[in-house]
1. Over the chain, give the accessible area per residue in Å² for a 1.4 Å probe, as an integer.
2. Please go through segment 4-70 and write out the chymotrypsin sites (Phe, Trp or Tyr not before Pro) that DSSP classes as loop and that have at most 16 other C-beta atoms within 10 Å.
3. Taking Cα pairs under 8 Å and at least six residues apart, what relative contact order does segment 183-310 come out at, in percent?
4. For K95, go through the lysines and keep the ones whose alpha-carbon is under 22 Å away, minus same-chain ones fewer than eight residues off.
5. Can you report the principal axis dimensions of segment 94-168 using only the alpha carbons, biggest first, rounded to whole angstrom?
6. In whole Hz and in residue order, list the ³J(HN,Hα) couplings for segment 243-255 that follow from phi through the Karplus curve 6.51 cos²θ - 1.76 cosθ + 1.60, θ = phi - 60°; x for Gly and Pro.
7. Along the charge dipole of the chain, Cβ charges K/R +1 and D/E -1, which of L145, M109, S216 sits furthest on the positive end?
8. What is the extension gain from E90 to T66, computed as 0.36 nm multiplied by their sequence separation minus the C-alpha to C-alpha distance, in nm to one decimal?
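The values are calculated or read from the model by the stated rules, or taken from the named source; none is laboratory data. Only a predicted model underlies this, so the values are computations on that prediction, with no experimental measurement involved. As a convention, Cβ positions derive from the backbone with ideal geometry for all residues, glycine included, and neighbour counts pool all protein chains shown. Just so you know, the surface numbers come from the protein's heavy atoms only, side chains and all, with ligands and any DNA or RNA stripped out. Shrake-Rupley method; radii C 1.70, N 1.55, O 1.52, S 1.80 Å.
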Amino acid sequence: MTEKMDVLEIVLPVLVMIILGMLCRKWKLLDQNGVNNIKTLVTNIMLPVAIFHALATAKYSGKIGTLVLIMFIMLLISFGVGFLLKRFMEEPYKKYLPFLVCIYEGGMMAYPLYTSLCGSENLSQIAVLDIAGLLFGFSVYMGMLGQTENGEKINAKSLFYSALKTPAFIGTVLGIIAGLTGLINRLMDSSFGPGYLSAESILTTAPIILIVVGYSMELVPELIGPCIKTIFLRIILQAAMIMGVLIAVKYLVGSSRLLNLAIIIYMSSPATFSMQTFLKKKESSAYASTTNSLYCIVSILVYIVLAVVG
């Protein structure tokens, strides 16, 4: 019963926000311009602040560097395989498939599931896995997603300059620098610490992006098929990636129960909800939102199995 309550406590806020977004569309409380404004707010302020804080307060070491490298290589492989899997999808969804079988939703799904199972004192075990995802996600991944959404040809030079101007990528780089120097940890230990944490909490705790996910979600017959197929392809690919990462970590870093659980839970989460902020077309937004929302069921099932197995 306790485990079921834990799952409910974690998942219910996510479901409530998604349902609220759906109701906002049904009751016309928001229009597309309003949703686009929310995306702009999240992309330019809330998301960069959350990323900066997570990386600025992470603990860095030589083993963590190896772990980040393993995760980065895995992301490149899974992203590349996603392009090979496009042949199994139909238009107009196939061009978005590589983005939906790669990257993970850490903050709003994997983190709370992991801390419920292993305790908040072990959050760093899963947070370090997210470093590679943040670096890759807000440079190559989001840059290519934006070019794909706009119908542009993939251009490496444009990706580079786009990343330099992306607030989330800037937050990632500054967060790593602050984490390596210990600047923010020293700040939090000072008299300014409570004020900093209060400001950070106000800017990042409201999962407003989930309203966008719910607003864009459409459970219509013509969309269910492509979404289920995408979920199936992601499950198959990520199962293989999880095995590969677990083996690499065992021989290169040294595995432990807490780290293994972190890898499994993190890589069983849906694609990042933040991709919604880069999707402007209704069809792509609905496809991504519906797929990610349904994939939360997979994350919950994995969590339950791990909780039962112990």
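1. 47 Å²
2. On the way: sites: W27, F52, Y60; in loops: W27, Y60.
Filter output for segment 4-70: W27, Y60.
3. Numbers: 76 pairs, mean separation 44.3, N = 128.
Here the relative contact order equals 35 percent.
4. Within the straight-line cut-off, K95 pairs with K39, K86, K153, K157, K229, K280, K281, K282.
5. Between the extreme Cα coordinates on each principal axis of segment 94-168 lie 45, 28, 14 Å.
6. 4, x, 5, 4, 5, 4, 5, 4, 8, 9, 10, x, 7
7. Result: L145, furthest along the dipole toward the positive end.
8. That works out to 4.8 nm of additional length.
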